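The values are calculated or read from the model by the stated rules, or taken from the named source; none is laboratory data. Computed from a prediction, not measured in an experiment: that's the story for all the values here. Counting neighbours? That spans all protein chains shown, and the Cβs are built from the backbone with ideal geometry, glycine included. Accessible surface is based on the protein model in full, side chains and every heavy atom, while ligands, DNA and RNA are left aside. Shrake-Rupley method; radii C 1.70, N 1.55, O 1.52, S 1.80 Å.
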Amino acid sequence: MSRDICWKHRHIDRRRLVGASAAAGLGITLFGTAGLRARAAQDEPYRIVLIQGVTGDEFYVSMACGAQAAADELGAELEVQGPERFDATLQAPLLSAVVQSAPDAILIAPNDRAAMIAPIQEAIDAGIAVFTVDTFIDSDIAVANIASDNVEGGRIAAQALAELIGETGKVFVVNTIPGISTTDQRAEGFFEGLADYPDIVDLGQEYSNNDSTQAASIVNARLQSDPDLAGIFGTNLFSAQGAAVAIEQAGLQGEVKVVSFDAGPTQVEQLESGTVDALIAQHPFDIGYMGVQMAVEFLSTDTAPAETEVTTGYSIVTEETIDDPEIARYLYVADCSEIAAAGASPEAEATPAA
Ligand code: T6T
């Protein structure tokens with residue numbers, strides 16, 4: 001079932017897909033067929049629901065594009081849903097409603113590492129195969145987690161910011177909401193990474209509630225209390241976007257260095273205008289693609305993957321690297337048609353593996 005997919009802007013290395021298949025093949029059977037529906041035998045497509053962390057976030061839009069590409073290729077049905085805000089009190093009832101509709105598998109980016117454990121357990125108890133994508137819960141009940149290595153991402157951010165500020169000066173983190181596993185880990189990796197730079201003063205972090213406007217206010221206040229601020233790390237798209245807006249409004253582009261996690265369209269504009277110095281782009285298309293691919297593999301073999309922590313990579317986007325097609329293909333999209341439009345050439349077609 002593994003195939004090369006080569007889009008103009010997206011390429012999934014066949015070795016990784018084969019690796020994921022092989023990993024599943026080497027795994028052990030965890031669920032009996034009574035627990036999971038053996039739909040392949042009934043010749044019905046698997047129904048998979050992707051529950052995003054939040055709707056309208058280009059990171060999750062790009063993830064959904066990858067999930068849809070894999071679903072199309074593997075003949076599965078995909079539905080995409082998500083809460084309006086990053087908030088477990090919104091995501092939990094949404095998950096319950098999805099469970100009522102009895103899909104074969106759910107891919108979910110849990111909004112909170114603790115609060116989403118029980119709702120996910122309910123889905124599993126209903127016989128649905130649950131994979132976490134991007135964020136995770138503090139329990140190993142999901143079949144697997146497919147995500148970036150977020151601690152490593154934080155370390156990369158620390159190193160990038162340290163280099164930008166000449167390894168000296170005050171730095172500050174604009175984070176999102178405590179309890180989101182990914183951004184918790186990015187901050188953790190960042191602060192760990194700073195330990196290598198004795199002349200950098202760590203001013204800690206504040207939480208933006210995943211809201212750009214709040215992130216901008218936080219940075220405005222910080223510029224008042226620490227006018228000699230040297231650098232900022234924004235741990236996700238909204239926090240980083242808002243932080244950069246504050247720097248631009250204060251006319252401090254280039255003086256206060258900004259390293260932003262993620263690579264949404266507005267973040268790319270901020271990089272191109274010189275307000276932001278580096279973007280750490282995740283590979284959400286790959287996360288979605290591999291999530292569906294692993295779910296189909298799991299459902300059709302009834303065998304748990306040997307690899308339950310699957311990590312995708314990063315691309316560091318700077319003014320110098322942004323035009324490199326190997327980097328540019330990882331910039332996030334607001335709509336999958338942006339990928340389809342860019343991929344109208346023959347090389348954009350999904351081609352079966354030899
Ligand atoms: O950074 C991504 C995602 O990885 C994180 O879990 C939540 O925020 C984003 O969706 C970006 O807004």
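List of remarks:
- The gain in end-to-end length when the E269 to C336 segment is fully stretched comes to 22.2 nm, 0.36 nm per residue minus the alpha carbon separation.
- The alpha-carbon atoms of the range 260-337, seen along their principal axes, cover 50, 26, 19 angstrom, with the largest extent given first.
- Computed E for Q249/E192 - FRET, C-beta separation, R0 41 angstrom, nearest 0.05: 0.85
- Per-residue accessible area (protein heavy atoms, 1.4 Å probe) orders D43, D184 as D43, D184, starting from the largest.
- Most to least accessible of C336, C65 (protein chains only, probe 1.4 Å): C336, C65
- Mean shadow area of the range 150-282, taken as a quarter of the surface of its Cα convex hull (nm²): 6.5 nm²
- Summing +1 for each Lys or Arg and -1 for each Asp or Glu among the other residues whose beta-carbon sits under 12 angstrom from that of T183 gives -3.
- C-alpha center-to-center spacing [the range 139-191, the range 235-279] in angstrom: 16 Å
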